[in-house]
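Structure first, commentary second.
Computed from the coordinates by the stated procedures, all read-outs in this text should not be read as laboratory data. Just so it is clear, the structure is predicted and the values come from calculations on it, not from any experiment. Cβ placement follows ideal geometry from the backbone for every residue including glycine, while neighbour counts extend to all protein chains displayed.
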Amino acid sequence: MPIEIPKDKWTGSIRAVTIGATSAEGGTRAKSITVGGQTSMPYLHYEAPMPNKPVIAIEIKSRKPDDWSPLLADAWGEAMADPAQWAKKAEEAGADLIVVALTLADSPEDAVRVIKSVLSGTGLPLIVWGPGQAEKDNELLVPISEATKGEKIVLGICEDKNYRTIVATAMANGHLVQARTPMDVNLSKQLNILISDMGMSKDRILMDPTTGALGYGIEYGYSVMERLRLAALQGDAMTQLPMIVTPGFEAWKTKESKVGEGVPEGWGDWKARAINWETLTAIALVESGADVVVLRHPESVKRVKSAIEELVAV
Amino acid sequence: MQHTITFTHEDKQSTAIVPTGAMLSDAAHLAGLDIGQPCGGQGRCGRCAVQVTDGNVRRRSTLRLSPDDIEQGYALACQTVVEGDVAIHVPPQEKIERRLTTDRVVAEVTVPADYEYLQDQTVRRVHLRLSPPTMEDQTDDWSRLQTGLRLQANVNKVNVSLALLQTIGDVLRAGEWDVTAVLEYPLEHLEQPLRLVSLQPHHVDEYSPLWGCAIDIGTTTVSVWLVDLVSGGVRAQVAEYNGQIARGEDVISRIMYASKKGGGQELRQRVLDTINELLETACKRVKAKPEDVVKATIAGNSTMIHLLLGIPASNIRLSPFITAVNHPPLMTAREVGINAHPEASVDCLPGVASYVGADITAGVLSSGLDTAENVTLFLDVGTNGETVLGNRDWLVTCACSAGPAFEGAGVVNGMRATTGAIEEVWINSETFEPTYRVIGAGKPKGICGSGLISLLSEAFITGIIDKAGNVNLMASSSRVREGAHGGEYVVAWGEESESGADIVLSRVDVDNLLRAKAAIYAGFTVLADTVGVPLETMDKVLIGGSFGKYINIEKAVQIGLLPDMDWSRFEFLGNTAVKGAYYALLDWKKRERITEIAKRMTYIELSADNSFYEAFTSALFLPHTDMSKFPSVAVALSSKVKGRRSNVGMTE
């Protein structure tokens with residue numbers, strides 16, 4: 001007897017969001033990247049084709065980080081001291097996007113210079129994060145936004161207490177924003193409402209529901225992302241946005257990744273463990289519906305990329 | 001074409017000549033009349049309503065006017081265009097306010113029509129004329145009094161306390177055997193003897209007041225009503241913050257404080273001080289003395305009753321959340337520590353559970369929910385956010401911690417709804433300048449609950465704060481500024497205020513208000529979900545609380561405190577707990593009904609699953625994360641979008 005696989009019929013769909021602009025589109029990128037556009041839960045190819053596959057962004061810093069794991073320093077080598085070089089290496093490592101994370105030590109002039117050099121070092125679209133302090137974020141992101149008008153950079157990170165300035169400058173200069181909320185469906189919706197209330201097009205918002213690393217709350221993050229996706233497919237306009245998550249940041253702050261000595265022998269090889277941690281965190285999130293995963297180690301990028309290829313193969 | 005507009009205001013006439021298409025408000029201005037336009041002339045507030053008595057006008061917007069109003073010729077001056085010679089009557093401002101349909105004024109307290117002192121009251125006064133003892137009649141004083149009661153008042157058996165017995169010999173002689181006794185008839189066990197409450201050495205006029213008091217001990221506010229038990233009339237109403245506030249704003253922190261060494265005793269004394277001061281103030285108003293008060297009926301949440309009686313309350317806080325007593329026995333003022341007549345009976349009304357106390361059972365009584373035919377929602381917008389849903393057949397209830405914000409506590413410039421409190425605010429959406437109304441019409445001292453509701457709503461609708469409550473510092477007004485705790489909005493400058501300091505709404509205040517309204521909204525939505533009754537099907541929503549005299553329903557809906565439904569279904573009842581205590585004070589049948597209500601109510605524990613938390617976070621937004629639940633607010637906002645954009649200097 002033939003068995004018919006039941007198919008869900010959804011009323012909603014995820015918006016397709018394009019990051020980066022080519023010269024034809026008013027920017028200087030070699031290509032632009034489109035994410036989102038799904039009309040079913042992830043990878044249910046028998047229900048609906050997946051128009052855009054998940055992409056990988058590699059996180060680089062505007063200055064050589066002194067608090068990153070030596071394993072990451074080994075992987076990137078000298079390039080870490082030069083953001084343009086680092087971005088170039090990241091592109092070679094298979095990145096679809098580059099995240100440039102600015103630091104508190106950057107002046108607005110430094111920040112603009114770094115971003116411009118990265119733009120010339122790579123043809124990939126960019127995501128630019130402020131150092132994570134409201135005033136400093138605004139101080140750095142506004143001039144960057146103005147200096148890169150039309151590039152369709154993702155500016156971040158907007159939070160409910162500090163989104164206005166970033167959104168206003170993104171709107172004025174044709175960029176996008178990343179909207180981060182602490183692992184809660186309602187809070188995600190609320191920030192998306194606040195941002196779109198300012199007049200920002202919903203085609204220019206990536207939502208960042210925040211996540212935890214494997215063993216550090218990933219289940220909760222996974223479930224929030226799944227629920228956001230379900231709400232979106234059920235027709236909730238304020239959740240129909242592609243999701244960006246930062247498994248690299250989360251995984252590399254766990255003890256399992258950070259510490260190489262004085263840990264139980266059973267934990268095995270440090271490097272293998274650290275890369276596994278980042279890879280598994282990222283793949284779980286990709287499976288829950290993440291559209292952009294931000295990673296740090298080139299080896300993890302390779303592995304996550306191959307996992308994505310398997311997932312999207314029909 | 002020019003037209004003559006004639007205005008009549010307070011018997012004075014003035015005229016203006018204006019062209020076709022001129023706005024009535026402009027014509028009034030030309031005529032030298034100042035018609036208030038708190039909302040900035042956008043037809044939002046309805047404060048500029050005037051009556052067209054003759055001539056042709058065109059109304060661009062009739063928001064705020066009922067069909068009846070239009071029938072009577074009312075028009076909003078800021079939304080009405082002149083099309084010919086017109087005669088206009090400008091009503092006094094106060095009259096306009098009373099006409100507005102969005103306001104709900106607390107009903108004046110009226111004595112229940114069926115109140116019969118001699119049948120309903122448990123405390124009664126009896127005049128006795130006793131024969132003096134002689135060498136021949138050697139009956140002892142107490143027996144003589146009992147005989148008098150039997151023969152003259154048909155009282156067969158009466159009890160007396162030792163303290164009172166110690167005084168009767170002197171009182172009988174001082175009154176020369178012409179005395180007045182106050183007797184208390186037993187409530188539940190009618191075969192029990194009566195109790196002698198007081199004996200006065202003179203004849204008291206039958207119709208002179210016999211004093212009782214109804215008390216509501218709220219976590220934040222204590223209310224006392226002084227009542228003449230003979231006529232049933234409320235003669236004085238006083239309220240003050242609970243003195244325990246200094247030791248914690250919510251019941252949990254009070255219980256924790258009470259568990260410390262000496263803490264319980266201190267809290268007990270603090271609330272007794274509050275009650276006794278209020279009693280004294282109330283008595284002074286009617287030229288009586290607290291000792292004249294012979295009966296007190298007390299409502300209050302379970303924690304407040306425990307703390308009043310000095311009963312350890314710690315188990316209320318700990319799972320499985322058990323009170324020491326839900327229904328305390330009758331006591332005397334002497335035992336409890338209330339400075340009424342020491343023998344006055346003190347009746348603490350029965351509660352249901354740890355978090356649904358006698359304030360709610362009394363509130364159900366006074367709101368009439370227990371006799372309602374259709375499903376009705378009763379909200380007590382107080383510190384503990386209790387909700388009751390049901391009708392005459394069933395009652396379910398829940399409680400959630402809302403905090404004291406709507407009673408004006410825990411808010412920088414918050415205050416109780418008394419003289420000097422800003423009770424309503426309108427903000428001009430172009431200039432961000434506020435117009436406010438102060439209780440007593442003097443200089444403002446602070447903002448009370450109803451003022452906070454309308455201020456929050458106006459700040460939101462005009463774009464001063466966003467849906468998350470962030471103050472929009474890009475707004476071009478000196479009233480919007482960076483304060484000590486983030487952005488703030490200045491409602492009244494120092495030169496206008498009583499204290500000389502600016503009266504502000506701070507970011508912290510907004511957060512407290514948001515949490516309070518979210519808790520209450522989540523409480524009743526989850527309760528309604530639990531029993532499967534959609535909010536839209538509620539026949540009525542009864543609102544209790546101590547915001548002030550008014551609650552502006554529209555504003556309460558705009559901030560998402562109340563559900564977005566037809567305003568006619570809302571009824572504002574004021575402090576329902578003290579009113580319930582008042583009814584129980586008067587009438588023993590109503591007192592027994594409260595006992596029945598307490599037995600009938602089913603308590604739903606909100607912390608049993610995470611549905612409350614979900615509902616709470618989605619309500620922690622203005623008006624709500626799910627805008628489809630607030631269609632009227634969406635309309636109000638969309639009509640403002642243009643203005644808001646231009647104010648932040650942004651274009652798409």
On a C-alpha basis, how far is the centre of the range A:1-31 from the centre of the range B:1-20 in Å? Whole number, if you could?
64
Options B:I447, B:S497, B:F460, ranked by Cα towards positive dipole end of the range B:408-505, top entry (Cβ charges)
B:I447
To the nearest 20 debye, what is the magnitude of the charge dipole of the protein assembly as shown about its Cα centre, counting +1 on the Cβ of each Lys and Arg and -1 on the Cβ of each Asp and Glu?
980
Taking 18 Å as the cut-off for C-alpha to C-alpha distance, list the pairs among A:K88/A:K116; A:K116/A:K152; B:K555/B:K629; B:K445/B:K555 that go past it.
B:K445/B:K555
Pop a pseudo-label 7 angstrom from the Cα along the beta-carbon direction at both A:E109 and B:V533 and give the gap in nm to one decimal.
7.0
Rounded to whole Å, √(5λ) for the Cα gyration tensor eigenvalues of the range A:1-95, largest first, gives 38, 19, 11
Nearest-0.05 FRET efficiency for B:E596 and B:N374, computed from C-beta distance (R0 25 Å)
0.80
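Working from the pairwise distances between different alpha carbons, so that the mean of 1/r is found and then inverted, what is the range B:172-232's Kirkwood radius in Å?
The Cα-based Kirkwood calculation yields 14.2 Å.
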With just the Cα atoms defining each centre, how far is the range B:103-172 from the range A:274-297? Give it in Å.
84
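Ordered by packing density, taken as the mean number of other Cβ atoms within 10 Å over each peptide's residues, highest first, how do B:144-156, B:458-470 rank?
B:458-470, B:144-156
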Amide proton proximity set for B:I88, modelled H, under 5 Å, gap of 5+
B:T6, B:F7, B:T8, B:T53
Set the Förster distance to 25 Å, then compute FRET efficiency between B:E291 and B:L118 from the Cβ-Cβ distance, nearest 0.05.
0.55
Regarding the range A:16-308, what whole-number volume in Å³ per residue does the convex hull of its Cα atoms give?
121
Applying a 4.7 angstrom Cβ cut-off across the protein assembly as shown, unpaired cysteine residues come out as A:C158, B:C48, B:C78, B:C213, B:C283, B:C348, B:C398, B:C400, B:C448
HN-Hα J couplings of the range B:587-603 from phi, Karplus 6.51/-1.76/1.60, θ = phi - 60°, integer Hz, Gly and Pro as x?
10, 5, 5, 5, 4, 6, 5, 5, 4, 5, 4, 4, 6, 7, 6, 9, 8
10 Å binning of all Cα-Cα separations within the protein assembly as shown, expressed as whole percents from 0 upward
2, 10, 16, 17, 16, 14, 11, 6, 4, 2, 1, 0, 0
Rg/Rg_globular for the range B:8-88, with Rg_globular taken as 2.2 N^0.38 Å and Rg from C-alpha atoms
0.98
Additional length obtainable on full extension of the chain from B:A634 to B:R58, 0.36 nm per residue less Cα span:
204.7 nm
By a straight-distance test (C-alpha under 22 Å), which lysines pair with B:K284 as possible cross-link partners, with residues fewer than eight away in the same chain excluded?
B:K295, B:K579
Dividing the Cα radius of gyration by the Kirkwood radius, what Rg/Rh value follows for the range B:180-319?
1.05
Charged-residue dipole, Cβ positions (Lys, Arg, Asp, Glu), the range A:124-221 about Cα centre, Debye nearest 20
200
Förster-model FRET efficiency, 41 Å R0, A:D74 and B:S478, C-beta, rounded to 0.05
0.15
Once amide hydrogens are built 1.01 Å from N within the peptide plane, the residues lying 5 or more places from A:K61 or on another chain with amide H under 5 Å from its amide H are A:A101
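What Kirkwood hydrodynamic radius, in Å, does chain B give when the mean of 1/r is taken over all pairs of distinct Cα atoms and then inverted?
27.1
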Could you check the spin-label model distance between B:I252 and B:T167? Points 7 Å from the Cα along Cα→Cβ, value in nm.
4.6
Among B:P342, B:F612, B:G148, which residue has its Cα furthest toward the positive end of the charge dipole of the protein assembly as shown, with +1 on Lys/Arg Cβ and -1 on Asp/Glu Cβ?
B:F612
Give me the one-decimal nm value for the distance between modelled label points at B:I311 and A:Q133, 7 Å along each residue's Cα-to-Cβ direction.
5.5
Residue-wise HN-Hα coupling along the range B:116-126, computed from phi with Karplus coefficients 6.51, -1.76, 1.60 (Hz; x: Gly, Pro):
10, 3, 6, 9, 9, 7, 7, 10, 9, 10, 10
Please get the size of the charge dipole for chain A, origin at its Cα centre, with Cβ charges of +1 on Lys and Arg and -1 on Asp and Glu, quoted in debye to the nearest 20.
520
Tell me, what HN-Hα J-couplings in whole Hz come from the Karplus equation 6.51 cos²θ - 1.76 cosθ + 1.60 at θ = phi - 60° for each residue of the range B:568-575, using x for Gly and Pro?
5, 7, 8, 9, 9, 10, x, 6
Partners for A:K161 among lysines (Cα-Cα distance below 21 Å; same-chain residues under 8 apart left out)
A:K136, A:K189, A:K202, B:K467, B:K517
Expressed as a whole number of Å, what is the distance separating the alpha-carbon centroids of the range B:473-526 and the range B:582-618?
32
